[in-house]
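I have placed the structure first, in the form of structure tokens, so that the comments after it can refer back to it.
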Ligand code: NDP
């Protein structure tokens, strides 16, 4: 058990990709990171094996996190993309995507709330996607779930402001990780994206990590409920 200097922040999906980068950035800023994932791997803090779609496991993981110090934050980052043309999308597939990418976010927020209140308030950062505002062929379920993440963030920011809890959504564009590495390796998609992303590159997980870490610094306490996009202007380009 370490002595946290700035409190504990729970990061879901911390084993790799964007979550690992967020965990590393927060640890570098002096937070005690508690990283959740199915594998339980967390290179920058204390790892707990937890499937975020299982409510009881999530509750137990948060209780364990509280033993590491006052819980001052949660980053709901765990997620997975799903591709299926809408005409063939089954109800079960749609619900599975919603369960991980949206329902688990709501449950995570609800279950972390008492811990944040016990710490005197805190910050929730939900990782959405710039897809939330787009209509992407073959990504109906993912787009719907990520749109829900923005809505969940807005509602909680309003409801829980009196309790000193702020909620923000971070919406990345294409960031090269395990989630999409194979797809982005395809020549045709890569060339198409390079004509569409004004900055002409994909984002790096470390860039999202730095943004989220910065949000946990003091001095921006009037900001809540909003979505911050980090996509190289992809989502606004004609
Ligand atoms: P990765 O596939 O690289 O990592 C996903 C992480 O989530 C892993 O740590 C994985 O760990 C964890 N995870 C997956 N399912 C579960 C589960 N049921 N319970 C607990 N942990 C789980 O993805 P990214 O880092 O790219 O994505 C992170 C977030 O960013 C996601 O929400 C994604 O939708 C979002 N995003 C990503 C973009 C991109 O271009 N990469 C763009 C926009 C948004 P384990 O397998 O050990 O469980």
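The values are calculated or read from the model by the stated rules, or taken from the named source; none is laboratory data. None of the values given here were measured: they were computed from a predicted structure. Positions of Cβ are generated from backbone atoms using ideal geometry, with glycine treated the same way; all protein chains shown enter the neighbour counts.
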Inset, instruction - Exactly one condition in (1) under 19 Å from residue 208 (Cα atoms); (2) touching a helix residue (DSSP H, G or I) at 6+ places or on another chain (Cβ under 7 Å); (3) more than 16 Å from the ligand (Cβ to nearest atom) is not met by residue 77; state its number. - result: (3)
Inset, instruction - Within the range 1-45, count every residue that is out of contact with any helix residue (DSSP H, G or I) (no Cβ under 8 Å at 6 or more places or on another chain) and either surrounded by fewer than 24 Cβ atoms within 10 Å (Cβ to Cβ) or over 22 Å from residue 204 (Cβ atoms) (or both). - result: 16
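Could you pull out the residue among 170, 212, 125 that is over 24 Å from residue 54 (Cα atoms), within 15 Å of the chain's Cα centre (by Cα), in contact (Cβ under 8 Å) with a residue 60 or more places away in the chain and within 15 Å of the ligand (Cβ to nearest atom)?
Within the list 170, 212, 125, the selection yields 212.
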Inset, instruction - Consider residue 112 carefully, then state whether it is in contact with a strand residue (DSSP E or B) (Cβ under 9 Å, 6 or more places away or on another chain), away from the ligand (no atom under 13 Å from the Cβ) and at pLDDT 95 or above. - result: yes
Legend entry - Lone unmet requirement of (1) surrounded by 18 or more Cβ atoms within 10 Å (Cβ to Cβ); (2) part of a helix (DSSP H, G or I); (3) away from the ligand (no atom under 15 Å from the Cβ) for residue 61: (3)
Inset, instruction - Answer yes or no: is there a residue in the range 78-93 that is within 17 Å of the chain's Cα centre (by Cα), buried (at least 21 other Cβ atoms within 10 Å of the Cβ) and in contact (Cβ under 8 Å) with a residue 24 or more places away in the chain. - result: yes
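Residue by residue through the range 134-144, note down the ones that are touching a residue at least 60 places away in the same chain (Cβ under 8 Å) and surrounded by 17 or more Cβ atoms within 10 Å (Cβ to Cβ).
Here is the first cut: in the range 134-144, the ones touching a residue at least 60 places away in the same chain (Cβ under 8 Å) are 134, 142.
Correct list: 142 only.
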